[in-house]
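Note sheet for the following structure.
Read the figures in this text as sums done on the coordinates, not as results from a lab. It should be emphasised that the depicted structure is a prediction, and the values quoted were computed from it without experimental measurement. Backbone-built Cβ (ideal geometry, glycine too); neighbour counts: all protein chains shown.
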Amino acid sequence: MSNINIKRAVDNIRSGTNAYTPIIELVVNAIQAIEAAKVTNGRIEIRIIREGQNDMLDTLKPVDGFVVTDNGIGFNKVHRDSFDTLYTAEKADYGGKGFGRFTCLKYFEQFDVHSIFSDGDALRHRSFSMGTENDIIINEQVVDIDVETRSTSDVTTGTNIKISKIKGVKFPDKNLDIIARVLVEKLLPYFIDKNNPCPLIVIGDENEAPTITLNDYLKNEDNQQIVELTVPNGLLEFDRQGQKESFEVRVFKFYSPRTQKSKISLVAHRREVTDITLQSYIPEFADEFYDKGGEADGRDKNYIIKAYVFGNYLDENVSLERGTFNFQKESDLILGVSQNEIEAAAANVAREAVGVEISARKERKKTRIDEYVANDAPWHRLISQDADFSSLPMNPSPQEIEIHLQRAKFEKEINVRREVAEILANTETDELKQKVVEVVDKISQTSKNDLIHYVSMRKCVLDLFSKTLEIDEDGKYSSEADVHDIIMPRKKDSDELDYEQHNLWILDERLNFASYVASEKPIGNPKGKRPTLLYSTSAWRSGGTIRPAIL
């Protein structure tokens with residue numbers, strides 16, 4: 001008899017689980033039970049339990065639980081005792097943590113088991129429930145199945161597990177097709193395992209037809225919804241502190257996806273543990289893809305890409321709840337391979353698998369950037385030739401492009417300043433001349449960008465100024481105020497304005513360097529004269545003469 005605080009163990013489950021975790025756990029246990037029984041016609045049946053009111057839109061009741069039935073080895077004494085042991089090592093060879101069943105109680109109130117198992121030449125039926133206090137197994141009963149019953153019916157070993165009475169929140173999906181699709185994505189590593197054929201898995205509503213066969217998502221040639229892509233090199237290898245870690249990446253098309261985001265999934269012991277959008281590493285994966293004329297009626301067939309990553313490193317470092325990994329997320333040169341490194345490398349494999357479409361999207365992005373630079377920001381032409389735009393979204397806005405180019409320009413200026421500082425600190429003269437030439441050339445390139453920007457903005461101002469000097473449709477000129485404000489905003493001075501907020505260079509380039517400028521501000525007292533424009537040189541600040549200039 002067990003004696004643990006089950007409620008506390010369940011409450012401590014936090015990382016990476018959701019309402020789908022219990023059903024995944026039950027299906028995986030069923031697969032392992034079938035493998036242990038070594039049956040060739042393995043079959044798992046999932047039935048959805050529904051309770052409550054029908055939804056007004058889809059006429060479906062909410063999901064309240066699941067029943068999972070298999071024809072595996074059943075709860076014999078070994079498996080029964082393993083179930084009754086916290087952190088059991090019974091399924092360690094399968095990657096079992098001895099804790100998965102507790103995730104069921106995190107999301108469902110009730111966990112009931114009915115199982116037929118072999119005991120020598122006899123068959124027996126064991127039933128029990130999973131406790132919620134101190135005992136893992138409660139209300140256990142074991143009865144013999146008599147010979148007459150065995151001879152008149154097809155009685156075989158297997159297990160029926162029911163989880164019901166969902167806790168707190170609603171199950172995230174109700175539609176049978178959607179639930180089936182989620183399960184296929186989560187369990188895909190089992191369906192594609194060439195060394196261990198996956199049993200037949202069907203799902204349907206309790207006591208109702210039709211059912212959906214999950215295996216058909218990959219095997220139905222007439223309507224195949226998941227297709228594996230050929231990758232040039234799906235093997236990854238990382239060398240960290242002399243320790244080599246190897247991974248395999250397999251890439252799939254998911255047609256008519258339930259979500260429109262391509263993803264990378266990290267797998268441990270044939271279960272999907274984490275996923276992240278591919279666009280996090282390669283922006284061109286932001287939108288779904290299309291096969292031209294893929295449908296029977298000639299319509300385009302939409303799909304997303306999912307890259308699954310396998311490796312012993314993932315198996316060895318998966319967390320207890322199988323919701324995350326025990327290695328760091330960010331890159332680190334001292335510790336082991338990070339999650340970011342694995343995902344970034346897998347993203348590159350996915351990009352190679354998709355190939356032409358990603359290249360076309362990158363070319364469209366480049367064209368968009370080139371058009372922005374040519375039409376709106378010619379001063380960035382030189383910077384744009386060297387800038388790395390891989391992190392920009394697939395369809396960047398003008399603002400995003402401009403910010404990216406400004407950042408590239410700033411980084412280039414920082415590098416130039418660093419190189420200048422190194423030259424000034426260097427006492428060796430042999431290579432000094434060549435380094436100076438190289439740095440001066442970089443400075444000149446940056447200066448050209450600034451000059452082009454300056455000239456372009458001046459042209460915009462002059463075009464606007466010329467427009468205010470034209471006669472309108474009524475034969476009138478713009479007001480003096482309009483002309484005045486373009487050159488210098490009225491009733492302002494240089495203490496209130498930034499350098500870029502006036503255009504005094506239209507009158508005289510030297511006015512850009514005046515130490516003080518005022519427009520229509522009274523001199524001496526509030527009722528004093530208000531010059532249209534007043535400026536002073538730096539000499540005025542030290543006792544020079546005020547020099548008024550009038551438009």
Next item on the list: Can you tell me the FRET efficiency between Val227 and Arg418 if r is taken as the Cβ-Cβ distance and R0 is 41 Å, rounded to the nearest 0.05?
Entry: 0.25
Item checked: Simple label model, 7 Å out from Cα along Cβ direction - Asn139 to Val10, nm -> 1.4
Check: Where a Cα-Cα gap under 27 Å defines reach, which lysines qualify for Lys219, not counting those fewer than 8 residues away within the same chain?
Finding: Lys38, Lys174, Lys186, Lys194, Lys253, Lys261, Lys263, Lys292, Lys301, Lys306
Margin query: With viscosity set to 1.306 mPa s at 10 °C, what whole-number translational diffusion coefficient in µm²/s follows for the stretch 125-262 from Stokes-Einstein and a Kirkwood radius over Cα pairs?
Written below: 80
Item checked: Approximate shape of the stretch 153-224 as ellipsoid semi-axes (Cα gyration tensor, √5λ), whole Å, largest first -> 23, 19, 14
Notebook entry, point to check: Suppose R0 equals 22 Å; then what is the FRET efficiency for Ala122 and Asp81 from their Cβ-Cβ distance, rounded to the nearest 0.05?
Noted result: 0.75
Item checked: Local electrostatic count at Ser129 - Lys and Arg +1, Asp and Glu -1, tallied over other residues with Cβ under 11 Å -> -3
Item checked: Signed unit charges on C-beta, dipole axis of the stretch 222-272, positive-most listed residue Ser262, Pro232, Ser246 -> Ser262
Note to self: Please compute the length gained on full extension between Ile178 and Asp495, using 0.36 nm multiplied by the number of residues separating them and subtracting their Cα-Cα distance.
What the structure shows: 107.7 nm
Note to self: Counting C-alpha atoms alone, how compact is the stretch 321-387: give Rg to one decimal and Dmax as a whole number, in angstrom.
What the structure shows: 18.5, 55
Check: Once the Cα gyration tensor of the stretch 223-375 is diagonalised, what are the square roots of 5 times its eigenvalues, in whole Å and ordered largest first, as equivalent ellipsoid semi-axes?
Finding: 30, 21, 13
Checklist line | Estimated FRET transfer efficiency (Gln241, Gln110; beta-carbon r; R0 41 Å; 0.05) | finding: 0.25
Notebook entry, point to check: For labels at Asn54 and Ser280 in the simple 7 Å Cα→Cβ model, what's the distance in nm?
Noted result: 4.1
Check: Which value results for Rg/Rh of the stretch 96-139 when Rg is the Cα radius of gyration and Rh the Kirkwood radius based on the inverse mean 1/r?
Finding: 1.06
Note to self: What does the extension gain come out to for Ser479 and Ser331, with contour length at 0.36 nm per residue minus their alpha carbon separation?
What the structure shows: 47.0 nm
Notebook entry, point to check: Using a simple spin-label model with points 7 Å from Cα along the Cα→Cβ vector, what separation in nm is obtained for Thr213 and Asp376?
Noted result: 5.5
Check: Amide H to amide H, which residues 5 or more places from Gly74 or on other chains are under 5 Å from it, using H placed in the peptide plane?
Finding: Gly158
